[in-house]
Structure formats: structure tokens, C-alpha cells
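This report refers to the structure that appears directly beneath it.
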Amino acid sequence: MGLSRREFIKRTAALTAASYAGLSLPISNEDYSAHASDADSWHKGTCRLCGSGCRLELEVKNGKAVALRGIPQSRTNMGYLCMKGMLFYKLMGNNHPERLKKPLYRARKDQPFREISWDRALDIASKEFAKTVKKYGNNSVAYYGSGQAFTEETYIFQKVMRGGLKTNNVEGNPRLCMASAVGGYVTSFGADEPIGSYSNFERASCFFIIGSNTAEAHPVLFRRIMRRKMDNKDTVKVINADPRVSPTSRIADLHLQFAPGTDLALLNAMAYVILEDKLYNEDFLKNYADFRMGKKKKKVSLQKYMAFIKDYTPEKVARICGGNITADKIRKAALWFAKSEGTMSLWTMGINQRSRGVWANNLIHNLHILTGQLCRPGADSFSLTGQPNACGGVREGGGLCHILPAHRLVKKNKLRHQVERLWGIPEGRIPPKPGYHTMAMFEAVNEGKIKAIWINCTSPAQSLPNCDKYRKGMRREDVFIVVSDIFPTKTTELANLILPTAFIFEKTGVYGCTERRSQLTVKAVNAPGEAKPEVWMVREWALRLSKELNDPVIKKCVEPFMGKEPDYELPKAIWEEYTQKLTKGRDNDLSGATYEVLEKLPDGVQWPAPTKQWALKGGTDIKFVRGLDPLADKYAKNDLPYQFYGPAHPDRKLWIWLRPQKGPAEMPDSKYPFYLSTGRIIDHWHTSSMTGRIIELMRANPYAYVEVNPKDAERLGIKPGDMIEVVSRRGRNILPAKVYVGPCEGMVFVYWHDEDENRMINRVTKDAFDPGSKEPEFKICACRIKRVSGPRPLKPFLVHMKA
Amino acid sequence: MKGQFLRSCILVLAVALVVACPAWASKNTPSSKPASAHPELSAQEKLTPCSQCHKDATPTVYKEWYNSVHGIDNVKCFQCHGTYEDIKASPDEATCASCHNAQYMKRPKNKKCWDCHPAHYFFIHK
């Protein structure tokens with residue numbers, strides 16, 4: 001007896017969720033597919049939805065965005081796009097009815113929003129911030145930005161906050177994803193951001209992918225790795241180290257599935273094998289490396305390092321790591337790593353979002369320094385960035401509380417005063433003390449120490465770990481919240497003032513992707529309704545603030561940008577100031593990368609690019625190599641081919657760190673016996689306020705679910721589609737189960753994009769953070785799981801504006 | 001029972017499920033089918049990823065895709081074929097150009113992409 005079609009579909013649907021009748025999505029699917037020959041025009045730009053920096057062209061017909069296609073000449077994506085990159089034109093202009101189009105205001109958060117004019121909105125924003133500064137001091141206000149904002153936007157926000165409002169309370173969501181990578185690069189190599197480039201994908205003979213589901217988080221870069229592997233099946237090795245088997249594991253020759261939080265031991269054990277089997281590069285160590293330990297960065301000898309590493313025998317570490325780890329696998333991985341012609345390590349949040357994320361970064365770099373797997377073709381220690389402009393805008397543009405533009409530390413008097421001089425503001429205007437880092441910032445909101453905050457282009461109400469704790473503070477009536485964004489989110493729900501912003505291709509600006517590459521997107525379509533570029537908002541807000549606080553220095557901060565039209569001239573003027581004044585002479589020198597140069601290239605420019613001539617060639621592919629990096633030649637101190645001139649290591653050495661194994665802040669116990677880990681899914685971006693509104697993407701993954709190892713599922717009587725309660729000491733979710741040989745036994749995994757209160761996993765995660773980078777440990781906490789029922793009706797959820 | 005069930009599915013899903021192989025479709029059917037080619041589904045059923053049903057309903061196509069470069073790199077059904085309202089059993093070639101524009105521009109004009117790159121395998125050049 002066969003099943004009917006309907007029964008069949010219902011049965012298959014129950015694999016992830018129960019049937020829900022009568023659902024209608026608030027999104028249409030008008031067929032925009034178009035032929036090149038029909039196009040009115042094509043406009044070059046950068047993808048908005050991950051850190052890869054894929055270049056693409058937007059097709060515009062009759063003023064309407066109708067299609068996207070990759071640019072084959074681009075050195076990032078070579079023409080390829082993922083599903084998000086193909087489809088996000090559906091959010092542009094008037095293509096989506098739910099775009100925020102008018103400023104919205106409410107004096108109290110228990111009141112409904114009402115539409116107001118821009119004049120009124122900017123008056124309110126400036127009066128509230130001025131009132132707060134007068135009453136509670138400069139540190140009672142804050143800016144919380146985004147790795148998705150253009151560099152020009154982050155730069156002008158932080159300039160007005162620091163130079164105008166005299167506070168370093170400038171933060172952004174890259175603190176939640178990349179801060180440990182920054183800490184790792186600065187402490188190991190003396191300079192932030194990767195040494196090499198994506199070009200190493202085609203030159204590497206061994207890929208060591210740890211803590212990264214590249215296939216889903218960076219699908220177009222994964223394509224390049226996959227292609228390299230498939231074209232060289234026997235000679236190129238792929239090692240995938242992760243507590244969870246993921247789509248990335250499909251191309252792996254060796255999968256190291258370790259228990260969550262044992263990564264530091266695993267990396268030290270690989271170093272043990274490299275030392276024991278004499279696989280290290282003696283010349284490289286002699287010429288370029290030093291050994292360091294402790295908070296005081298004490299210099300130690302190779303012998304001391306060897307004595308330290310003796311504690312990490314592969315046999316012992318295999319027992320610590322659990323999972324499928326054996327001593328033989330560790331030895332094999334170390335051998336492949338050390339002996340290959342070029343080894344490229346790749347990692348992202350699995351390493352960074354740890355309470356010892358900086359240490360984990362250091363230990364990956366250690367392997368590269370020990371073996372000399374750096375600076376030569378295919379050899380690189382390469383952190384993959386999550387957001388399109390976390391590197392360019394926030395790490396380089398001064399978007400974190402402790403850094404000023406162009407990798408200058410706030411606490412360094414000389415560098416701080418340099419910035420003040422370049423801005424033409426009085427010395428001493430920028431406070432010498434860094435502001436609140438992200439977790440401290442939202443703790444300060446909880447405690448009522450921050451009374452006014454502007455949140456731009458991000459949704460901390462959903463993306464902060466242990467978010468219920470911080471939503472309480474954001475609900476306070478004595479905390480004034482401005483949110484600028486393109487759609488309603490969990491954070492606009494907590495705002496007093498919502499400012500509708502222009503989306504990418506509706507404004508002009510630069511994104512700097514993972515490989516030090518800055519790429520320009522020029523406005524191609526009009527923003528819907530009254531949505532405006534942020535750079536215009538900040539300029540107008542600063543002028544009003546200057547009047548309210550009777551402080552001409554605030555006006556001085558935006559004076560160079562007065563009278564510029566906001567769609568192109570204004571961001572161009574901001575970029576010129578940033579690159580020509582602030583980056584000139586710094587390690588991320590972008591003074592050759594003017595708008596004119598960026599517009600000429602299919603992709604963009606990799607810094608350092610100190611001259612237009614160099615920038616027009618694309619900039620610097622590999623840093624620190626004489627003949628390839630103009631600054632390596634300029635700052636050369638000897639005849640060696642590599643010159644590690646990074647600003648943080650005056651000794652010009654790479655530092656190998658002695659870092660012991662350290663587990664997560666919260667380990668499973670009898671009450672909460674499972675590890676909980678979280679991550680990204682290919683179809684969605686962050687909190688899904690954008691991708692959830694693209695019908696193809698929403699349908700591909702309409703709900704978050706909890707992945708349970710089949711052995712655990714059997715033991716707990718869990719079947720696919722059953723509703724599972726996931727509980728931690730902080731919060732609770734109820735999600736459908738996916739029984740899957742993904743997470744290792746004793747671990748569950750949940751995607752974090754879902755906005756539904758029952759499936760919003762950051763209500764459950766822990767807000768412990770790395771003491772160095774202050775990046776939270778999203779990747780590990782303890783939880784318990786329980787089957788609460790069979791499959792139940794579910795529906796996708798998005799935050800909508802209440803009428 | 002499984003065999004009966006699959007036969008039943010294939011019969012019911014008829015055209016859409018068979019012509020989901022564009023190589024076949026290019027020779028036997030017009031280049032695209034209207035949205036109605038896919039059997040009608042409820043709004044809830046449309047929230048099911050294509051591969052979830054097609055894994056059983058068109059197992060050969062599924063396996064070909066899963067083991068292809070598209071499958072390994074997670075290029076999903078809807079990226080070429082669209083979703084329910086605009087589904088095309090045989091994709092519009094402009095869709096291929098989203099990722100393969102250089103190849104699309106220099107392709108022989110008398111051929112479809114899949115005449116040389118068999119649908120769902122892709123990496124084999126005919």
C-alpha cells in the first residue's frame with residue numbers, strides 16, 4: 001500500500017517540524033530573474049552577507065533592483081555567489097514592503113511608536129544625548145555599531161563620540177566574533193589581520209580547518225578550497241578539527257572530533273609532535289621567532305618551551321580530547337601540517353568564541369611559526385571573518401572601545417594625541433581610558449550607568465549571549481535607545497527612536513573583507529521612503545549636539561563634511577579623511593586606495609597600499625615579504641626576506657606563546673550534563689531579520705532546531721521532529737530535534753538565527769568572556785535536554801512593526 | 001512498501017519530478033514550466049526544503065546533486081530551479097550566469113549550459 005503525496009510530504013516534513021496549517025508568509029516572490037541583455041544597467045558592489053567580500057553586480061531596471069550576479073574578475077569570489085548573495089536584491093529599494101521608511105518615536109517603551117519627521121527625530125536624539133551628558137557625564141552615553149556598517153559610517157560615529165562627546169564608549173558586534181582573532185594576531189605576529197590572502201587557497205597543500213564550518217559560514221571561499229582538494233585529491237590534504245561533523249567535513253581526509261573546550265590541548269599536542277619529530281624549521285625560528293609566557297610577556301628559551309610542551313603527549317591529549325581523537329591521528333595531523341609545501345590554517349568562531357579564544361589563536365599561530373609555514377606560497381595562519389566589514393570598518397576604522405582609527409591604541413598618549421591633531425581638535429579631547437567593551441557596556445545599561453545608547457545595524461537583544469539578562473536593562477525606561485536599521489528586529493522592540501537607514505547599493509561606502517581588501521559599493525538605487533544613509537544622520541545629529549551642549553568641538557568633528565550631498569560626496573570625503581590622514585604611515589596604509597582607484601578595479605585594494613600606483617595593482621597580497629610588501633622594504637632593518645614590522649612587537653619577532661590547556665567557563669555536570677554549542681546555517685545571516693524576509697531562504701530553513709547525536713537520542717527516547725527542551729542555568733528553549741551524527745556524543749548544537757522566543761538560543765548561552773579579548777564564549781556552555789512532546793505545529797517567526 | 005510508495009509519488013508528482021533533470025528536459029520539453037508544474041502544496045508544506053522530499057522522490061537526481069560540486073558546496077535546488085511560485089524544471093540560463101557569467105558569455109550560442117555540463121553532475125564535460 002503506497003502513501004498519498006500529502007501523507008508523504010507530511011511525513012518528510014516531520015523530520016524537522018510538525019505540520020502547521022494556514023500559514024502565510026508576509027513576503028511575495030515576484031519573479032525578478034532577468035537576462036543581461038534586458039538590463040538598464042549593472043552596478044559593481046560587495047556582498048552584504050558574510051566576511052568573504054564576494055564582488056557582484058546589481059542589475060537595475062527602471063530604477064528597481066532586479067538581480068545579482070558574481071564578477072568573474074574578482075579575486076575574492078571569481079564570479080561565484082552563494083544563495084544569500086544571489087538573492088539579497090529582494091531587500092532593496094521598494095522590493096520589500098516591510099522596510100523601515102519613516103523615523104519612529106515613543107517617549108516610553110510601553111507606548112506604541114508614531115511616525116515623526118527627520119527634523120524632529122534628530123532633535124530628539126541630540127536633546128536626549130545632550131541631556132544625558134549634562135546630567136550623568138560623558139561616559140553615560142554609548143555607540144554600539146556593526147561589522148556590517150561601511151567604514152565611513154563607523155569612522156564618523158566614533159569620531160563624533162570620541163572627539164565630540166569625549167567618550168570611548170564605542171563598540172560593535174565584531175567584539176562578539178573577531179576580538180580574539182585580533183588579540184591573537186597582535187600578540188603572536190605584532191600586527192592585526194592575516195599575513196596572506198585568499199590567493200593561498202590555490203597554492204596550499206594542506207588545509208587545517210579548526211572551529212570553522214566554512215562550507216556554511218563562508219560557502220564561496222569553501223568552493224575554492226573544495227576545488228583545490230578535488231583537483232589534487234592525492235597531494236592536497238584537508239584536516240578538519242571540530243567537535244561537530246559539519247558539511248565542511250565532507251572534503252576532509254582527517255576529521256579530529258574533540259570534546260568541546262579541549263582545543264588548546266590538541267594544538268599543544270600537535271606542537272609536541274613537531275618538536276619531538278624535529279619537524280620544526282630551525283632557520284625560521286632562529287631568524288624570526290621568540291618564546292613568551294605570562295601576562296608580563298616574559299621572554300623564555302626554546303628549552304623552556306620544550307619543557308612546557310612535554311606535558312602534552314599525544315597519548316595524554318587523546319584522553320583529554322575524547323571524541324574520536326587518538327594519538328595516531330594527532331601525529332598524522334602534525335606531520336601533514338609540518339611537511340606540506342604550504343599549510344593554510346583556517347578558523348572562525350569555534351576558536352574565537354571561547355573564554356580562552358586569544359590563547360587558542362596563539363596556539364594555531366605557534367604551529368605556523370614553529371614550522372615556518374608563513375609568508376611563502378600556500379602557507380598562512382588565516383582567520384576567517386564573519387562580517388563584511390568587521391576588519392575594514394571596526395578593526396581598522398576605530399570601532400572598538402580600546403582602538404582608534406588605523407590600529408592605534410587609545411591608551412597610547414602619543415597615538416591618541418596624533419589623532420587629535422589630525423582631527424584638528426584640542427589635545428586631551430579623547431579620554432585616555434578605553435570605554436566599556438561590549439559585555440561591560442550592556443552590563444552598564446543594566447546597572448543604569450549608560451543612559452543613552454545608539455545601536456546601529458545590529459540586534460544585540462538577540463545576538464548577545466544570555467540575552468534575557470541584557471534585555472532587562474534595555475527595557476529600562478531611564479535608558480534612551482536609538483536604533484538605526486532597515487527592518488524591525490528584537491532590538492527595535494526595545495527602542496525609543498527608530499531611524500530607517502539606507503541599505504547597501506542605496507548608499508555609497510567601503511567594506512574591508514577578511515584578506516585586508518577594501519572594496520567600494522556605489523549607490524545604484526534609491527532607498528525606500530525616507531530612509532537615509534547613516535553618515536548623513538551622524539553629521540546632522542552632531543551639528544545639533546554641538547548647539548545643545550554649546551560645544552564647538554563637536555561641530556569641528558563634522559566640519560570637513562559640511563555641505564556634501566550624502567549619497568556619494570559625503571562618504572567620499574569621510575573616506576578621504578580616514579585614508580589620507582589617519583591611515584597614512586600606519587601598517588594599514590590605504591592612502592593609495594582612493595574612491596577613483598577603487599572604482600577602477602573589479603574588486604578592490606589590499607593594504608598596505610601607500611601609493612595609487614601600488615593600489616592600482618591591487619595592493620599587497622602577502623604582508624611582511626620584501627619585494628611583495630612595500631612597507632617590508634621601507635622598514636627593512638636587515639637583509640632577511642621577511643620583515644615583521646608590526647606595531648605591537650618592537651623586537652620585530654614572531655612570538656611563540658606558552659599557553660596551557662584551559663577548559664570552558666562552564667563544564668557539564670550532573671544537573672546540566674550536555675555541552676551546548678551554537679552556530680550559523682548557510683541560508684541565514686545572523687538574526688535573520690534580512691534573510692528571513694527572502695522567501696527562498698526562509699523556506700530552506702524556517703526554524704532553528706537542536707541537533708542531537710543519535711546515541712544520546714536513543715538513550716533519551718528522542719525521535720526526529722520531537723520537541724526538545726534545552727535548559728541552562730540562564731534560560732530555556734523548546735525546539736524540534738534533528739537526530740544527526742553531527743555533534744559528538746554528549747553535545748547538542750543549535751543554529752542561532754531564529755527570532756522566535758522559544759527558539760532564540762542566546763536566551764540559553766552563557767555570557768562568560770575571554771579576559772583578554774572580552775569576546776564571549778558562545779560556543780560552549782552546559783545544558784540539559786528533555787523530550788517534551790512529539791512533533792508540534794510550528795511557524796516561522798519574524799519581528800514585525802505593530803500597526 | 002517503499003517501492004510502491006515511490007512509484008506512487010512519481011506518478012503523482014509526474015511532470016515536475018521527472019523533468020527536474022534539465023538534461024532530459026532540454027530535449028523533450030520547453031525550456032521552462034509554469035509554476036503550476038509542481039503539485040500544489042500548502043503554505044506549511046512549502047516550508048520543506050526541496051531536497052527533503054526529493055531525496056526519496058527522485059533519489060537518482062538527489063544522489064547526482066549530492067555528490068556533485070554543487071552538492072558539496074551546498075548550492076541548493078532553489079538557486080537554479082526557483083521556489084514554488086516561480087519554479088522552473090529547466091532553469092533559465094540567466095540563473096546560471098549568477099555564478100558562471102564568464103562561461104555563460106562565451107558559451108556556444110546554439111547550446112544550453114547543460115548540453116555540455118550534465119545537470120546535477122556538472123563536473124563531467126560531455
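Can you spot a residue in segment A:143-150 that is hydrophobic (A, V, I, L, M, F, W, C), within 14 Å of another protein chain (Cβ to nearest Cβ), in contact with a Gly (Cβ under 8 Å, 6 or more places away or on another chain) and within 21 Å of A:LEU384 (Cβ to Cβ)? So far as segment A:143-150 goes, no, none of its residues is hydrophobic (A, V, I, L, M, F, W, C), within 14 Å of another protein chain (Cβ to nearest Cβ), in contact with a Gly (Cβ under 8 Å, 6 or more places away or on another chain) and within 21 Å of A:LEU384 (Cβ to Cβ).
Among the residues that make up segment A:274-288, is at least one of them part of a helix (DSSP H, G or I) and either small (Gly, Ala, Ser) or at pLDDT below 95 (or both)? No: zero hits. If I filter segment A:332-343 for residues that are assigned by TED's automatic domain parsing to the domain that holds A:MET226, buried (at least 21 other Cβ atoms within 10 Å of the Cβ) and either free of Cβ contacts under 8 Å to residues at least 60 places away in the same chain or assigned to a loop (DSSP other than H, G, I, E, B) (or both), do I get at least one hit? Looking for residues that are assigned by TED's automatic domain parsing to the domain that holds A:MET226, buried (at least 21 other Cβ atoms within 10 Å of the Cβ) and either free of Cβ contacts under 8 Å to residues at least 60 places away in the same chain or assigned to a loop (DSSP other than H, G, I, E, B) (or both), one finds at least one in segment A:332-343, hence yes.
At pLDDT 95 or above, over 27 Å from A:LEU400 (Cβ atoms) and assigned to a helix (DSSP H, G or I): does that describe A:SER180? Step through it out loud before you land on a result.
Working: at pLDDT 95 or above: yes; over 27 Å from A:LEU400 (Cβ atoms): no; assigned to a helix (DSSP H, G or I): yes.
Criteria not met by A:SER180.
Against the condition in contact with a Lys or Arg (Cβ under 7 Å, 6 or more places away or on another chain), of a type outside the set (D, E, K, R) and more than 17 Å from A:LYS329 (Cβ to Cβ), how does A:VAL273 come out, does it pass?
Working: in contact with a Lys or Arg (Cβ under 7 Å, 6 or more places away or on another chain): yes; of a type outside the set (D, E, K, R): yes; more than 17 Å from A:LYS329 (Cβ to Cβ): no.
No.
Taking interchain pairs and intrachain pairs at least six residues apart, which have beta carbon atoms under 7 angstrom, with the first residue in segment A:621-646 and farther than 19 Å from A:ARG586 by Cβ and the second modelled with pLDDT of 95 or more and of a type in the set (Val, Ile, Thr)? Matching pairs, first to second residue: A:PRO641/A:VAL625; A:TYR642/A:VAL625. Can you tell me which of A:ASN168, A:ASN200, A:ASN173 is under 20 Å from the mean Cα position of the chain (by Cα) and crowded, with 24+ Cβ neighbours inside 10 Å? The unique qualifying residue is A:ASN173. Evaluation of A:LEU81 against the conditions (1) surrounded by fewer than 23 Cβ atoms within 10 Å (Cβ to Cβ); (2) outside the structural domain of A:ARG517 (by TED's automatic domain parsing); (3) in contact with a strand residue (DSSP E or B) (Cβ under 6 Å, 6 or more places away or on another chain) shows that the sole unmet condition is (1).
Residue by residue, here is whether (1) modelled with pLDDT under 50; (2) among the charged types (D, E, K, R); (3) under 30 Å from A:ALA390 (Cβ atoms) holds:
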site	(1), (2), (3)
A:SER4	yes, no, no
A:GLY22	yes, no, no
A:HIS35	yes, no, no
A:ASP40	no, yes, no
A:HIS43	no, no, yes
A:CYS50	no, no, yes
A:LYS64	no, yes, no
A:GLY70	no, no, yes
A:LEU81	no, no, yes
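Among the residues examined, A:PRO602 qualifies as assigned to a loop (DSSP other than H, G, I, E, B), under 25 Å from the mean Cα position of the chain (by Cα) and in contact (Cβ under 8 Å) with a residue 24 or more places away in the chain. Criterion first (among the acidic types (Asp, Glu) and touching a strand residue (DSSP E or B) at 6+ places or on another chain (Cβ under 9 Å)) does A:ASP629 satisfy it? Here the answer is no, as A:ASP629 does not meet what is asked. When segment B:48-67 is filtered for residues that are surrounded by fewer than 17 Cβ atoms within 10 Å (Cβ to Cβ) and within 12 Å of the chain's Cα centre (by Cα), only B:THR60 remains.
Every residue in segment A:59-94 that is over 18 Å from A:GLU696 (Cβ atoms) and in contact with a Lys or Arg (Cβ under 9 Å, 6 or more places away or on another chain), please.
Kept after step one, since they are over 18 Å from A:GLU696 (Cβ atoms), are these residues of segment A:59-94: A:60-64, A:71-79, A:93-94.
Selection gives A:ILE71, A:GLN73, A:SER74, A:ARG75, A:THR76, A:ASN77, A:MET78, A:GLY79, A:GLY93, A:ASN94.
Against the numbered list (1) touching a residue at least 12 places away in the same chain (Cβ under 8 Å); (2) touching an Asp or Glu at 6+ places or on another chain (Cβ under 7 Å), B:CYS80 comes up short only at (2). Looking only at helices (runs of 4 or more DSSP H) that fall completely inside segment A:390-484, which ones have 3 or more residues that are free of Cβ contacts under 8 Å to residues at least 12 places away in the same chain and not small (Gly, Ala, Ser)? Hits in segment A:390-484: A:413-423. On inspection, A:ALA648 does not qualify as under 29 Å from B:HIS54 (Cα atoms) and among the aliphatic types (A, V, I, L, M). For segment A:606-642, what are the residues that are closer than 20 Å to A:ASN281 by Cβ and surrounded by fewer than 22 Cβ atoms within 10 Å (Cβ to Cβ)? Passing the criteria: A:VAL625, A:ARG626, A:LEU628, A:ASN638, A:ASP639, A:LEU640, A:PRO641. The strands (runs of 3 or more DSSP E) falling completely within segment A:709-800 that include 3 or more residues that are closer than 30 Å to A:MET178 by Cα map to A:732-739, A:747-751, A:781-789.
If you take the residues in segment A:477-500 that are polar (S, T, N, Q) and closer than 12 Å to A:ALA461 by Cα, which one is surrounded by the fewest Cβ atoms within 10 Å (Cβ to Cβ)? Before the answer, list the steps.
Filtering segment A:477-500 down to residues polar (S, T, N, Q) leaves A:484, A:489, A:491-492, A:496.
Add one more test, that the residue is closer than 12 Å to A:ALA461 by Cα, and what stays is A:489, A:491-492.
Details: A:THR489: 28, A:THR491: 25, A:THR492: 23.
Across segment A:477-500, the extreme among qualifying residues is A:THR492.
The values are calculated or read from the model by the stated rules, or taken from the named source; none is laboratory data. Remember, predicted model here, so these are calculated numbers, not experimental data. Positions of Cβ are backbone-derived with ideal geometry, glycine not excepted, and every protein chain shown enters the neighbour counts.
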